[in-house]
1. Looking only at residues in the stretch 72-111 that are in contact with a Ser or Thr (Cβ under 6 Å, 6 or more places away or on another chain) and touching a residue at least 40 places away in the same chain (Cβ under 8 Å), which one is surrounded by the fewest Cβ atoms within 10 Å (Cβ to Cβ)?
2. Does Arg116 satisfy the condition of being basic (Lys, Arg), loosely packed, with under 10 Cβ neighbours inside 10 Å and over 16 Å from Met9 (Cα atoms)?
3. Take the residues of the stretch 8-31 that are of a type in the set (Gly, Ala, Ser) and touching a residue at least 60 places away in the same chain (Cβ under 8 Å): which is nearest to Asn92 (Cα to Cα)?
4. Just give me the residues in the stretch 84-127 being in a loop (DSSP other than H, G, I, E, B) and on the phi < 0 side of the Ramachandran plot, in sequence order.
5. As an exercise: evaluate Asp20 against (1) in a strand (DSSP E or B); (2) open to solvent by 50 Å² or more (accessible area, probe 1.4 Å); (3) not aliphatic (A, V, I, L, M) and give the number of the one condition it does not meet.
6. Identify the single condition in (1) open to solvent by 50 Å² or more (accessible area, probe 1.4 Å); (2) assigned to a helix (DSSP H, G or I); (3) not polar (S, T, N, Q) that Leu35 does not satisfy, given that it satisfies every other one.
7. For the stretch 71-83, what are the residues that are within 12 Å of Ala15 (Cβ to Cβ) and either in a loop (DSSP other than H, G, I, E, B) or not β-branched (Val, Ile, Thr) (or both)?
8. Go through the stretch 17-33 and give me each residue that's at pLDDT below 95 and not basic (Lys, Arg).
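The values are calculated or read from the model by the stated rules, or taken from the named source; none is laboratory data. Just so you know, these numbers come straight off a predicted model, no measurement behind them. Every residue, glycine as well, gets a Cβ built from its backbone with ideal geometry; the counts of neighbours run over all protein chains shown. We work out accessible area using only protein heavy atoms, side chains counted, and drop any ligands, DNA or RNA first. Shrake-Rupley method; radii C 1.70, N 1.55, O 1.52, S 1.80 Å.
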Amino acid sequence: NSTFPGAIMQGILSALHKNDRNTALCEIHRILAPLGYIHIAEFEFISNDPLIQKRYRKDKLVTKELGTLSIKNDVGQELYRTHNFKENELVNLLVRNKFNIISLSKCTFLSYHGNRKPGILIIAQKI
């Protein structure tokens, strides 16, 4: 409890089921020292691409969450699922779990398949 000065979560929340994201942040909050920091990097929800929007809707039938994609290999087997966060969705998740947003910036990440995708970088502090 209250031990670590900081934590890094790169693509962790997006890999978790929706119901487990609060649990993970609660555990991070528990282990962080008072006023400890968390660095979060996650893929961002893409709202301006009709093909991606179609995929979001199609994958929602399987994943049960808009923005959660089923990533498959070349023969169609599901490798994993990843969630693309809307900015306010990620911010609200952190605030609900007692973190104060220190900085938020946008960047470009590379996906599993080597595609460039928008991302969100957040540094937050334990309240």
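1. Among those residues, the one meeting the criterion is Arg81.
2. Taking the combined requirement at face value, the residue satisfies it.
3. Here the answer is Ser14.
4. Within the stretch 84-127, Asn84, Lys86, Asn97, Ser111, Tyr112, His113, Asn115, Ile127 qualify.
5. Asp20 satisfies all of (1) in a strand (DSSP E or B); (2) open to solvent by 50 Å² or more (accessible area, probe 1.4 Å); (3) not aliphatic (A, V, I, L, M) except (1).
6. Against the list (1) open to solvent by 50 Å² or more (accessible area, probe 1.4 Å); (2) assigned to a helix (DSSP H, G or I); (3) not polar (S, T, N, Q), Leu35 comes up short only on (2).
7. Passing the criteria: Leu79, Tyr80, Arg81, His83.
8. His17, Asn19 - these are the residues of the stretch 17-33 that are at pLDDT below 95 and not basic (Lys, Arg).
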